[in-house]
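Step one of this worksheet: look at the structure below.
Taken together, the values in this text are just the output of simple stated rules run on the coordinates, not laboratory data. In this text the structure is predicted, and so the values were computed from the model without any measurement. Positions of Cβ are backbone-derived with ideal geometry, glycine not excepted, and every protein chain shown enters the neighbour counts.
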């Protein structure tokens, strides 16, 4: 069996390759697909060049694959991400890939660009319309992404957000393990899974995690979104970053990440980590 992983030079893609190797060993040929194949020689698997910005390269990259996981590109432009992922799915279908899995975001629904939900909704729809067999693995909010933002806020001692709605945080490694478990087994056609951590945390609770781990004062403050965006704009951040930040705040406020499932344990065979456990490794 030939199993392809796109975005294999990125954090999630490379972690998924490692998880697949640990699960399958020599029972499957794992194909790591990236625009920079020279950077993934250390993964110890077949490396192929494939660039989502150059769909013509994907025909050869997807050749002979039985299964493929499409990891969303890192382009921050919502419309670009959607176009890239849809093109990749089209090329995978044309190449005859039997089962395509798309990594999406929890709570995904229709939205207009530049909202980040649009970058996931379009590819999900394209996948369901065209793939012979498909699965979707929706992710909660990355624990590491939250902790990066918390790091930047630590000097001020305050984590500001426009909403205190509970958010579920999932470790990147747990998403990779769930994706590998899905790819390594059968019976997932038509399934939409949600890779989440074991709990949701509201604003004060997630700030308390950071304070507990770092030993520094760290509180939660709820402020209007416009005030948050004005501060980021004054700091010199470009419009594309402001759009992404506004989307994330909107998703948090609407409860898009207020979901907890047992899907990581079911797919990966182990329980996901709590935010505080990830923070102990990430912040200290």
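What list do you get for 281, 56 if you sort them by fewest beta carbons within 10 Å?
So the ranking, lowest neighbour count to highest, is 56, 281.
Going by the alpha-carbon gyration tensor, a ≥ b ≥ c the square roots of its eigenvalues, is the range 174-248 rounded (a/c under 1.5) or, if a/c is not under 1.5, prolate (a/b greater than b/c) versus oblate?
Numbers: a/c = 2.97, a/b = 1.61, b/c = 1.84.
Judged from the Cα gyration tensor, the range 174-248 comes out oblate (a/c at least 1.5, b/c at or above a/b).
Pop out the Kirkwood hydrodynamic radius of the range 114-216 from its pairwise C-alpha distances, inverse of mean 1/r, in Å to one decimal. Mind showing how you got there, number by number?
Details: mean 1/r = 0.0630 Å⁻¹.
It is 15.9 Å.
By its C-alpha gyration tensor, with a ≥ b ≥ c as the square roots of the eigenvalues, how is the range 7-157 shaped: rounded for a/c under 1.5, else prolate for a/b larger than b/c, else oblate? Don't jump to the answer; show the numbers that get you there.
Numbers: a/c = 1.81, a/b = 1.23, b/c = 1.47.
Oblate, because a/c is 1.5 or more while a/b does not exceed b/c.
What residue among 66, 38, 90 has the largest mean-square fluctuation in a Gaussian network model of the chain, using Cα springs under 10 Å?
Fluctuation is largest for 38.
Under the definition of Cα pairs under 8 Å and six or more residues apart, what whole-number percent is the relative contact order of the chain?
Reported relative contact order: 19 percent.
List the relative contact order of the range 164-220 as a percent without decimals, with contacts defined as Cα pairs under 8 Å and 6+ residues apart. If you can, show how the numbers build up before the last one.
Numbers: 43 pairs, mean separation 24.6, N = 57.
Rounded, it is 43 percent for the range 164-220.
Please report, to one decimal in angstroms, the Kirkwood hydrodynamic radius of the range 80-169 built from all distinct Cα-Cα pairs. Spell out each step's value before the answer.
Working: mean 1/r = 0.0665 Å⁻¹.
For the range 80-169, the Kirkwood estimate is 15.0 Å.
Evaluate the relative contact order of the range 213-284 (contact order divided by residue number), counting alpha-carbon pairs under 8 angstrom at least 6 apart; express in whole percent. Mind showing how you got there, number by number?
Working: 21 pairs, mean separation 29.6, N = 72.
Relative contact order of the range 213-284: 41 percent.
Calculate the all-directions average of the projected area of the chain's alpha-carbon convex hull, and give it in nm². Working shown, then result.
Values: hull surface 56.6 nm².
Averaged projected area of the chain's Cα convex hull equals 14.2 nm².
Can you compute the helix-only [θ] at 222 nm over the chain? Use -39500 (n - 2.57) per DSSP H run of at least 4 residues, normalise by all residues, nearest 500 deg cm²/dmol.
Working: 11 runs with 125 residues, N = 284.
Dividing the helical sum by the residues of the chain leaves -13500 deg cm²/dmol.
For the range 22-60 and the range 206-228, what is the centre-to-centre distance using only Cα atoms, to the nearest Å?
One Cα centre to the other: 40 Å.
Place the peptides 219-226, 120-127 in order of packing, highest mean first, counting for every residue the other Cβ atoms within 10 Å and averaging per peptide. Write out the running numbers ahead of the final one.
Numbers: 219-226: 13.2, 120-127: 21.8.
Those peptides, ordered most packed to least, come out 120-127, 219-226.
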